[in-house]
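This report concerns only the one structure given below.
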Amino acid sequence: MTAAIVYTDLDGTMVGPRGSFFHTAGRELTDSPAAALLDLHRAGVPLVLVSGRTHAQLLEAGRVFAVDGHVAELGSLVSWDGGRETHLLTGALPEEHAGRTPMDVLASLGVVDALLAEHPGRVEWHAPWHATHSADALLRGWLDTVAVDDWLAARGWGWLTVKDNGRVPRTSRMTLDGDGDGDGDGDGTDPHVYHLMPRGIDKGAAIAWDLARRGIDPADAVAVGDSVSDLEMAPSVGRLWITANGAAVEGMPAAIAALPNATATHAPMGEGWAQAVRASL
């Protein structure tokens, strides 16, 4: 299909190891993503970043990549006109908390503190990036998202959900005690990044809102991602691409196959992103 607009995840999708736009997943130099981006701009197709990053972080990235807008905090905040215009989506945030940000409400209810206490050594704040989030609590570690959702519901917080936004390399700044596979020997998988947020907020809902604002038919939109949370974009666009690194994660091949408009790229990260962009032109 020829796209009227492209929505893209950033980390692990458009950019690769350590956020580099010029390295493959194997850390070899490549100009393929940059060339595809240039082709996209020359074709006059708007590019919108859709990420778990904050508004401020995406503003900076947006200037570098010359984007036409962005969706921050996993679908919470839609921004356009160079960041001067924004719209906050609060999903299932209870009416009694109207006018407050979801993070303000989470803090007043002690939700995150309770979750950390429930899973000692298995989850922590995704510091330092969590500090500026307004619509979601950004965490890292190893969680069973279904079990956490059940735990939230049992405590009267069923309007909240936790979303898995993919793996993050383990570093010395982390204080996690576990190792992912539960045996404590330190050879388990890398931790994952999680977003604790109101239900009804997701990348797909934000894209649908933005497309309506722009007057673009969803059938003419393309999205590119790499994680479970990116699958939520599928109902709002004509075609969803999942880069090969995301498609290789356990459970993802079946999830992709279940979506009639989803396709995995041949290559991972930036090179896969370039394939998706060129297929959209």
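All of the numbers you see were taken from the coordinates with simple rules; none came from a lab. Note that this is a predicted model, so its numbers are computed, not measured. Counting neighbours? That spans all protein chains shown, and the Cβs are built from the backbone with ideal geometry, glycine included.
For ALA131 paired with ALA114, estimate the spin-label separation in nm (one decimal), with each label point 7 Å from Cα along the Cα-to-Cβ line.
Those two pseudo-labels are separated by 2.8 nm.
Enter the angle in degrees (range 0 to 90, nearest 10) between the Cα long axis of helix 145-154 and the first principal axis of the Cα atoms of the chain, meaning the one along which they spread out most.
In the chain, helix 145-154 runs at an angle near 50 degrees to the longest axis.
Dipole size in debye (nearest 20) for the chain around its Cα centre, Lys and Arg Cβ +1, Asp and Glu Cβ -1?
800 debye
Which of ASP220, ASP11 has the fewest other C-beta atoms within 10 Å, and how do the rest follow up to the most?
ASP220, ASP11
Would you compute, from DSSP H runs of 4+ residues alone, the mean residue ellipticity of the chain at 222 nm, taking -39500 (n - 2.57) per run and dividing by the full residue count, rounded to the nearest 500? Can you show the working numbers first?
Working: 9 runs with 81 residues, N = 281.
Rounded to the nearest 500, the figure is -8000 deg cm²/dmol.
Please find, in a Gaussian network model of the chain (springs between Cα atoms separated by less than 10 Å), the residue of PRO191, PRO33, PRO94 whose mean-square fluctuation is greatest.
Comparing PRO191, PRO33, PRO94 in the GNM, the peak value goes to PRO94.
Scan the chain and hand back the longest stretch that contains none of the GluC sites (Glu not before Pro) lying in DSSP loops with at most 11 other Cβ atoms within 10 Å. Present the calculation step by step, with values, prior to reporting the outcome.
Values: sites that count: GLU28, GLU250.
Excluding the exposed sites themselves, the longest stretch runs over 29-249.
When the chain is modelled as a GNM with alpha-carbon springs shorter than 10 Å, which of PRO260, PRO102, PRO198 fluctuates the most?
PRO260
Counting only DSSP beta bridges with both residues in the chain, tell me the antiparallel percent, nearest 5.
Values: 22 of 40 bridges.
The antiparallel proportion sits near 55 percent.
Taking the Cα centroid of the range 154-170 and of the range 19-91, what is the distance between the two, rounded to the nearest whole Å?
Going from one Cα centre to the other spans 24 Å.
May I ask you to sort ILE242, ILE256, ILE5 by Cβ crowding, counting other Cβ atoms within 10 Å and putting the fewest first? Before the final figure, lay out each step's value.
Numbers: ILE242 32, ILE256 18, ILE5 23.
Ranking ILE242, ILE256, ILE5 by Cβ neighbours within 10 Å, fewest first, gives ILE256, ILE5, ILE242.
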